[in-house]
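One structure below.
The values are calculated or read from the model by the stated rules, or taken from the named source; none is laboratory data. All figures in this text were calculated on a predicted structure; none of them were measured in a lab. For neighbour counting, all protein chains shown are included, and Cβ atoms are generated from backbone atoms with ideal geometry for every residue, glycine included. With ligands, DNA and RNA removed, areas are computed over all heavy atoms of the protein, side chains included. Shrake-Rupley method; radii C 1.70, N 1.55, O 1.52, S 1.80 Å.
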Amino acid sequence: MSAPTQRAVILGGNRIPFARSNKQYAKATNLDMLTSAIDGLVARFGLAGENIGEVAGGAVLKHSKDFNLTREAVLGSALAPTTPAFDLGQACATGLEAVVSLNNKINAGQIESGIASGVDSASDAPIVINDSMREILLELTRAKTMVQKAKIASQIRPAYLAPQAPSTGEPRTGLSMGEHQAKTTAEWAITRRAQDELAVASHRNLAAAWNDGFFDDLTTPYLGVSRDTNMRADSTMESLAKLNPVFGKKLPTEATMTAGNSTPLTDGASSVLLGSEDWADEHGFTPLARLVDAEAAAVDFVDGAEGLLMAPAYAVPRLLARNGLTFDDFDVFEIHEAFASTVLSHLAAWESEEFCTEKAGLDKALGPIDRDKLNPLGSSLAAGHPFAATGGRIIASTAKHLKTTGKKRSLVSICAAGGQGLTAIVEAV
Amino acid sequence: MMADSMLPVYARAVLKTLPVGSRTSPELPQRSIDRSVPLEPVAYAGFAHVVEQRLYDVVHPGYMHVLGFPLSMQLLSDPEVPLPMLGMVHIHNRVDVLSPARLGEVVDFHVELAGPFEHAKGTTIEVHVTAQVEGRPVMDEVSTYLAKGKKLPGARARAQVPHAEFTAPQPSALWRLDPIIGQRYAQVSGDFNPIHLNGLAAKGFGFSRQIAHGMYTASRALSAMDPRLESYRWDVSFAKPILLPGTAGYALTDGRRHGASRSAVFDPKSGKPHVLTQVAHLEG
Amino acid sequence: MKDTYLSLVNGPLKQVAKTLGLPQPVELNRFGSTPASYTNKPVLVLGTGAGAQNLADLLLENGFEVRRNAQTGEKLRAIIAVLDDAQSPAELSPVVLEVGAALRSLTTCGRVITISTASDPANQTPEQAATTQGLTGFTRSVAHEMRAGATANGILLDGVDLTAPSVAAALWFLLSGKSAYVSGQFLTVSSGGGERLDFTTFMSTGAKGPLAGRTAVVTGAARGIGAAIARNLARDGAYVIGVDMPQAGQALAQVTNEIGGKSLQLDITAGDAAEKIAEAVAAPVDILVHNAGITRDKMLANMDAGKWDSVIAVNIAAQTMINAHLAEKGLFAEGAQVVSLASTSGIAGNRGQTNYATSKAGVIGLTAASAQDFASRGGAINAVAPGFIETDMTAKMPTLTRQVARRLSSLQQGGQPVDVAEAISFLASAGARGINGETLRVCGQNMVGA
């Protein structure tokens, strides 16, 4: 890639503290939270009344009335109401995809500034009537005569009135994400101990970052919450060892995934400010970092050929190859912790000669990652994971981390439903 | 839920319509109620969503009205109040938002009655609500209720808010209101007045169908005006009620969104006003 | 905080209060609420020297109607006594008696302003010092005699003459509604520095306002007096960066988004606070308002280290550190102005507030001692000491104490947060750079602390 197309820089971010679902944000809608996250960003950068090139965002659990969620949030925010916006979606990678998308638009010279955002509420999730009932209701609207209507209405059975519960399960397999991951965990023989250790590190690192004031200019309190509520600074191996497994209990192998090493359902919203170097300069903003490249991958998990959340294991080798980099060239690895065992399965795959040569098309294993470089600010196990908001959380945090520590390069990886994964390289400027 | 506390109030209001005893004194009982109410996020969120207000720390002043409402009704349904509560019409509401009230704070309400006052169409009584948070005034409210056709000998004179000529503008928004909005607002406000809940009850009071809560319409109009001011006066005049189901037009008639402005909610067909609102800077 | 008594005696109970001889405070004219019936009245300039004539000319140039002799039956908006040339107490008689004779012509919320030479015992003869010092007693006493929202204040010339730019700025401040709650106070002009400000600019807002083109940092800006300061500085044209604790972030964001400023969530006691502030400004710091403050009241006998240390850390140590760091690293702009919040508790002391009063008296000392350093950059540092201001903090006082505290001032009422904000805006303006190291009380001449 040649230098002139690399105009876009990451300038900062803002999120509301993440809260476990059905707690403090139980009654907050996606629109409420997203607007507040954007308003906090606007205040931090003094953008009240300004036009931004484009605002991108989305939510995984989305009401049909929210077809224009991001634009509605812009209208409710302190930004100029003439700021355009669009919604996008790539499951848990939505937030990162929004960053990549606006980054590319800035690099292409289409816009000078952008706000990438994402939000999710597992509390205010859309409840849908079941398909049988829905079809009958649609038939009713098409019926012309009263007789036709009566006939159709007579098909309604009490059972049809039960709503379809919102689910994070895979539409094609009917299995929850946790059950999918349990199979992968077993395949890679990830131990309970290794998972719990990762969880303890996540809580410890996140708490240290909060205590250092690292998030003072990355978050704005909301509804009285000023820190991530899932975080347990005092989490220990002993306390995690007491938890019973919740996933993989029907597998022949030992069940290792507990509520402590799996990410809980969470509510929250995040936003990231991007701009061209010129735009940043005009506004007196200091760039934090630059997103230099991104790579998506998808796996065929439907019949069990690959694990549901293993796509990043394929995306990363391709991303490194295109940029001529190895793991040694990275100072930070930000790997989203959907489950502790997801991260550990990716690490195991990259260390596996067999996986790398036979599946990822490399001539040897990528090798190990220095664990001190892994998720130095904690990740989703501690912060929680409001699906579409996680990408923005990671990008803003790692960009600031590079800036404040003088480190050079960070690898970002997010797995997503549907057997997908999105990865990116963030570099200091 | 507020519904519980309102039932005896309505019961008393019904009893008051019976011709028992004499209530010839034009004086109001000199009573007031003081009560502290916490601004609880989950309860507030329900209100905010019904009136289409974005949920953040600062509480919609319409919710402050809602919190003071059961106390107002308790005073109005006092047997010594010389006018019948049922059938009284809320004709005007003025709220001075003095400083933002925030979720998590505890509001001290003080409610008292003023009047009765003369009115061209009957007699009015005012409910005065003041609200403070730790001694900081957050709101002063005056709600004016009219007892139509009732004249009391000793009622005092009171300057009336003049009825401005209203010409319906082009609506900038159309509100399609289902009857369920009556139930939804009743749930979050505790105002279970039957004229908002079913058509039969409404007929009893001379409406052809069930009608929307006036404060629902007013609060939703304020959400649309979205004032971003530290303090302001929110002044509402109620005209014709909205029959449910129905479609109402909304338009800003003066000023700009987020600032000092006027708006109207009106019948887009007849052009007659439902609710006229003004948001103005407070003097001083 | 709403003052019900104030509304009552100006409404239904006016006659009753008069008959009973109860205090009769009036609603003060403030910026934006001053009626034309006030501003169209003339100013009476008294004094026989050249200074008086110069001052009369300055007022005429700025659109004021000026009288040099009181005319019977005519109401006045202000009486200005120019006594900079007085050499002995005996000389004062004619002018002060003329002031006295004109007092009854002063309109509601009128002004008495004395202009005289600052006392300087080291360089004055005993007789001169007796004269200059004597005049301060005169002005303070006149302030006590003021009725109906009128105030009396003085401008002291310390080694400068009447033509110093800050004399004009001080005059505009004292004549306008911006000084509504300032009475019995002196503004000392000690240098000819600062920009010449005309009255129209002083009273303008936004891009034409006295702070146009400048960037101001305000700590503790999320609520109360801090939010009022942020709004006021923005009204006067400054670009405002509001600072507050991360926990107050949402309220802070609302304030800064409303005024088109920027928010900085920051614990000002953190070691890197100064760097963070400089970083947010992204240029040398131009105006800095140290407003953040806390109270942790306890009688000294019951004081613990936590209560003492936290008040000292936030109220005085933090600003000492921030000022020192910015100065040392060259991060203050040329002409930079700092205004700190002191308190009348820091002047008079207050029961149960040993920690708070220490910190606020400390602010006064810090301000005086830093003046020379700020002067070296062409700027200034000053403090504002609020008296009884109607805020959340004072609202927590018991009702009776609160009522009494309000009536103790010569204006017989509490001040509003905006009164403090106006004084800060004035002291942050380029016209006020000739005032340096001073502490201005905004207290309605509350008797506490004399």
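Using amide H atoms built 1.01 Å from N in the peptide plane, name the residues 5+ places from C:Leu411, or on other chains, whose amide H lies under 5 Å from its own.
none
Chain pair B, A: how much accessible area is buried, both chains summed, with a 1.4 Å probe, in Å² to 100?
1000
Just to be sure I follow the definition: excluding the sites themselves, where is the longest run in chain B that has none of the trypsin sites (Lys or Arg not before Pro) in a DSSP loop with at most 10 other Cβ atoms within 10 Å?
Segment B:1-255 is the longest.
Compute the accessible area of each residue in region B:213-249 twice, once for its chain alone and once with every protein chain present, using a 1.4 Å probe on heavy atoms, and list those whose area falls by at least 40 Å².
Buried on complex formation: B:Arg228, B:Glu230.
Would you list, by chain and number, the lysines whose Cα falls below 18 Å from the Cα of C:Lys298, excluding same-chain residues fewer than 8 positions away?
Qualifying lysines at Cα under 18 Å: C:Lys307, C:Lys360, C:Lys396.
Of the beta bridges DSSP finds with both residues in the protein assembly as shown, what % are antiparallel, to the nearest 5?
In the protein assembly as shown, approximately 65 percent of DSSP beta bridges are antiparallel ones.
Give me the percent of accessible area attributable to carbon and sulfur for region B:164-284, probe 1.4 angstrom.
That fraction is 51 percent.
To the nearest whole number, what is the average tally of beta carbon atoms from other chains within 10 Å of the beta carbons of peptide C:217-227?
1
Averaging sequence separations of C-alpha pairs under 8 Å and six or more residues apart, then dividing by the length of region A:1-83, give the relative contact order as a whole percent.
Computed over region A:1-83, the figure is 34 percent.
Dipole of chain C (Lys/Arg Cβ +1, Asp/Glu Cβ -1, origin at the Cα centre): which of C:Gly335, C:Leu83, C:Ala122 lies farthest to the positive side?
Of the options given, the answer is C:Leu83.
Just to be sure I understand: with springs between alpha-carbon atoms less than 10 Å apart, which residue in C:Pro94, C:Pro126, C:Pro210 has the highest mean-square fluctuation in the Gaussian network model of chain C?
Of C:Pro94, C:Pro126, C:Pro210, the Gaussian network model singles out C:Pro126 as fluctuating most.
Report, in debye and to the nearest 20, how large the dipole of chain A comes out about its Cα centre when Lys and Arg carry +1 and Asp and Glu carry -1 on their Cβ.
Charge dipole, chain A, about its Cα centre: 1300 debye, nearest 20.
Determine the per residue accessible area of the protein assembly as shown with all protein chains present and a 1.4 angstrom probe, expressed in square angstrom.
Here the per-residue accessible area is 40 Å².
Quick one: net charge around C:Thr125, please, counting Lys, Arg +1 and Asp, Glu -1 for every other residue with C-beta under 15 Å from its C-beta.
-4
Could you work out the helix-only [θ] at 222 nm for chain C, with each DSSP H run of four or more residues adding -39,500 (n - 2.57) and the total divided by the number of residues, to the nearest 500 deg cm²/dmol?
-11500 deg cm²/dmol
Where both partners of a DSSP beta bridge lie in chain A, what percent of those bridges are antiparallel, to the nearest 5?
Close to 75 percent.
In peptide C:262-269, what is the residue-averaged number of other protein chain Cβ atoms found within 10 Å of each Cβ?
5
Work from the charge dipole of region B:39-136 (Cβ charges, +1 for Lys and Arg, -1 for Asp and Glu, about the Cα centre) and give the residue of B:Leu55, B:Ser72, B:His128 farthest towards its positive end.
Ranked along the dipole, the leading option is B:Leu55.
In terms of Cα to Cα distance under 28 Å, which lysines are near enough to A:Lys65, apart from those fewer than 8 places away along the same chain?
A:Lys23, A:Lys27, A:Lys105, A:Lys144, A:Lys149, B:Lys269
So what does C:Met203 come to for accessible area, using a 1.4 Å probe and Å² rounded to 10?
Solvent-accessible area, nearest 10 Å²: 60 Å².
Hydropathy at least -1.0 by Kyte-Doolittle, axial extent at least 20 angstrom from the Cα trace: which helices of chain B, defined as entire DSSP H runs, fit?
Helix filter hits for chain B: B:2-16, B:61-76.
Could you order the peptides A:174-181, A:325-332 from most to least packed, using the average number of other C-beta atoms within 10 Å per residue?
A:174-181, A:325-332
What whole number of Å gives the distance from the Cα centroid of region A:9-77 to the Cα centroid of region C:228-270?
20
From the residues A:Gln148, B:His258, A:Thr83, which one has its Cα farthest along the dipole of the protein assembly as shown in the positive direction, the dipole being from +1 and -1 charges on Cβ of Lys/Arg and Asp/Glu about the Cα centre?
A:Gln148
Taking a 28 Å limit on the Cα-Cα distance, which of the listed pairs C:Lys262/C:Lys329; B:Lys150/B:Lys203; C:Lys208/C:Lys329; B:Lys150/B:Lys272 fall beyond it?
C:Lys208/C:Lys329
Quick check for me: using +1 on Lys/Arg Cβ and -1 on Asp/Glu Cβ, what's the dipole size of chain C about its Cα centre, in debye to the nearest 20?
1540
In square angstrom and rounded to 100, what buried accessible area do you get between chains C and A, total over both, with the probe at 1.4 Å?
1200
Checking buried surface per residue: for region B:98-136, which residues lose a minimum of 30 Å² accessible area in the protein assembly relative to the chain alone (1.4 Å probe)?
B:Arg102, B:Glu134, B:Gly135, B:Arg136
How do B:Glu230, A:Glu353 stack up against each other in accessible area, from largest to smallest, with a 1.4 angstrom probe?
A:Glu353, B:Glu230
Once you keep just the Cα pairs under 8 angstrom separated by 6 or more residues, what percentage relative contact order results for chain B?
Reported as a whole number, the value is 19 percent.
Which whole number gives the average, over all residues in A:37-47, of C-beta atoms from other chains lying within 10 Å of the residue C-beta?
5
As a test of the definition: with a 1.4 Å probe, what buried accessible area, both sides summed, do you compute for C against B, in Å² to the nearest 100?
The contact between B and C buries close to 1100 Å².
Among the lysines, select those whose C-alpha is under 30 Å from the C-alpha of A:Lys373, and discard any that sit fewer than 8 residues away in the same chain.
In chain and number order, the partners are A:Lys183, A:Lys242, A:Lys359, A:Lys364, A:Lys400, A:Lys403, A:Lys407, A:Lys408, C:Lys276.
Under a Cβ-only charge scheme (Lys and Arg +1, Asp and Glu -1), can you give me the dipole magnitude of the protein assembly as shown about the Cα centre, in debye to the nearest 20?
I would put it at about 4280 debye.
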